[in-house]
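For reference, the structure is listed below as structure tokens.
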Amino acid sequence: MSKYLITGGNKICGTLSIKGAKNSILPLMVASLLNESISIIHNVPLIADVYTMIDILKSIGCKIDLDDHVLVIDSSNLTFNKIDEGYVKKMRSSIIVLGAMISRLEHVEIYEPGGCAIGKRPIDLHLNSLRKLGIEIEEGAIIDCKRKEIIGSDIILNSPSVGATENIILAAVKAKGITRIYNAAKEPEIEDLQEFVNKMGAKVSGAGSDFIEIQGVDKLDKVEHTVIPDRIAIGTYMVASAITGGYLEVDKIVRPHMEPINNTLIKAGCDIEYTKEGLILKSPKKISTINFLKTDIHPNYPTDMQAQMVALMTLGEGKTIFCETIFENRFMHCKELNKMGADTQVISNHICKVNGVEKLHAAKTTCPDLRGGAALILAALVGEGQSEINNIYHVERGYENIEGVLNNLGADMTKI
Ligand code: EPZ
């Protein structure tokens, strides 16, 4: 199994150019099933989850070409109506393939994704919403879905699930009539999905708000689109500069997507200046405590940036309390950070306390999940000595060539 070796102490400085968002490219690739034609997607991140989604789409009959961060997907002929268990277990977000496939086929089977490190990850909101659209669903190890027609309906989500919102949109764009989603997720990736399917000829409105309306259409056409920048990857590298006393210029951002992260980094003492299309971060001499940080749905502080901020606050002045409201097991990076001299304490599934220390030291650690692994890398960049980080496949799911990007910014990092 590959690992990272990182020798801490170098400042992370320079200019960053990041590709598209992992949590946008995946639903866009799934949505390419809807037009039974060609979809051309630019700014595609070369990350493990994209290759897994390529395998999934190929396994049901799509023709796919990926060259220099441009994906061309031909979904004219679907030859299979079942998603293999291996893919679903490898990437649980593949459950949204169900919405697009049932939009085209009267019978679809997909394996129950199951939980993952950060939580049980139930799919009740997905399945109950699809049932509202007239889809008959039998649950079990295999989720068996059948439908005659998909009929537009009013759907009230108990909680604003990102994946469930995406699944409903994908199933409803060619439904008979109007579908309204109440308490929809408001993340930027939903807005990107709306723009993508509307370019195909769909009629979706309201993404970015908690009320989304989808007027069913009969036909969708070929589409060309550029994925929005990855706000979480950008935020992660901004913390890399902040924790090492560095400086970072990011060439392209979508400002509203970054503001919840930027406002928190400013509280921690960073200076952030917006440029024409990007931003410049200057790190503080000493990291200030942010006292209390609660994760919540957009436009609040994102759960996917919680672990990275915990890493930063291990060197903050004083104490910071973190409240993780989205997932029930998303503090696994804390015990790993403590191996490096951090003083973190997980008080409950949703609360952890971080007491700032003077410095961190190198250690042998193991990535617990994608963003927890990123947090260990951030800590190793500033820890005295050479750290070893294992199970880095978690990190490679969401960050393209992270060792190359960080080394170009001054890190001393090797993948072995
Ligand atoms: C998406 O996951 C993202 N993944 C996650 O990013 C992100 O953390 C999450 O949204 C929240 O923003 C992708 O987009 C591929 P949810 P998703 O459904 O859709 C509960 C990363 O690090 N829930 O909004 O799975 C669920 O248990 C990943 O990039 C139900 O109870 O998130 C969780 O507690 C991690 N029933 C909460 O809702 C359901 O049917 C939020 O989940 C669905 C969800």
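When you scan region 41-76, how many residues do you find that are open to solvent by 30 Å² or more (accessible area, probe 1.4 Å) and either over 24 Å from residue 90 (Cα atoms) or small (Gly, Ala, Ser) (or both)?
5
Can you give me the number of residues within region 375-398 that are open to solvent by 10 Å² or more (accessible area, probe 1.4 Å) and not small (Gly, Ala, Ser)?
10
Considering region 334-374 alone, what residues qualify as being open to solvent by less than 30 Å² (accessible area, probe 1.4 Å) and within 16 Å of the ligand (Cβ to nearest atom)?
Answer for region 334-374, where residues must be open to solvent by less than 30 Å² (accessible area, probe 1.4 Å) and within 16 Å of the ligand (Cβ to nearest atom): 367, 368, 369, 370, 371, 372, 373, 374.
Can you name the number of the only condition in (1) touching a strand residue (DSSP E or B) at 6+ places or on another chain (Cβ under 9 Å); (2) in contact (Cβ under 8 Å) with a residue 60 or more places away in the chain; (3) surrounded by 21 or more Cβ atoms within 10 Å (Cβ to Cβ) that residue 226 fails?
With respect to (1) touching a strand residue (DSSP E or B) at 6+ places or on another chain (Cβ under 9 Å); (2) in contact (Cβ under 8 Å) with a residue 60 or more places away in the chain; (3) surrounded by 21 or more Cβ atoms within 10 Å (Cβ to Cβ), residue 226 is out only on (3).
Can you tell me how many residues within region 194-209 are open to solvent by 80 Å² or more (accessible area, probe 1.4 Å) and over 17 Å from residue 103 (Cα atoms)?
Final tally of qualifying residues: 2.
I'd like to check something: does region 159-171 contain any residue that is away from the ligand (no atom under 13 Å from the Cβ) and open to solvent by 10 Å² or more (accessible area, probe 1.4 Å)?
Scanning region 159-171 turns up no residue that is away from the ligand (no atom under 13 Å from the Cβ) and open to solvent by 10 Å² or more (accessible area, probe 1.4 Å).
Just one of the numbered conditions (1) open to solvent by 30 Å² or more (accessible area, probe 1.4 Å); (2) within 21 Å of the chain's Cα centre (by Cα) is not true of residue 406; which one?
Here residue 406 meets the rest and fails (1).
Within region 296-333, which residues are open to solvent by less than 50 Å² (accessible area, probe 1.4 Å) and among the β-branched types (Val, Ile, Thr)?
297, 303, 310, 314, 320, 321
To keep it simple, each residue is scored yes or no on (1) under 23 Å from the mean Cα position of the chain (by Cα); (2) within 15 Å of the ligand (Cβ to nearest atom).
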residue	(1), (2)
101	yes, no
107	no, no
114	yes, yes
122	yes, yes
132	no, yes
144	no, no
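Can you find even one residue in region 180-193 that is farther than 24 Å from residue 257 by Cα and touching a strand residue (DSSP E or B) at 6+ places or on another chain (Cβ under 6 Å)?
Yes.
The values are calculated or read from the model by the stated rules, or taken from the named source; none is laboratory data. Computed from a prediction, not measured in an experiment: that's the story for all the values here. Positions of Cβ are backbone-derived with ideal geometry, glycine not excepted, and every protein chain shown enters the neighbour counts. In case anyone asks, the SASA skips ligands and DNA or RNA and just uses the protein heavy atoms, side chains included. Shrake-Rupley method; radii C 1.70, N 1.55, O 1.52, S 1.80 Å.
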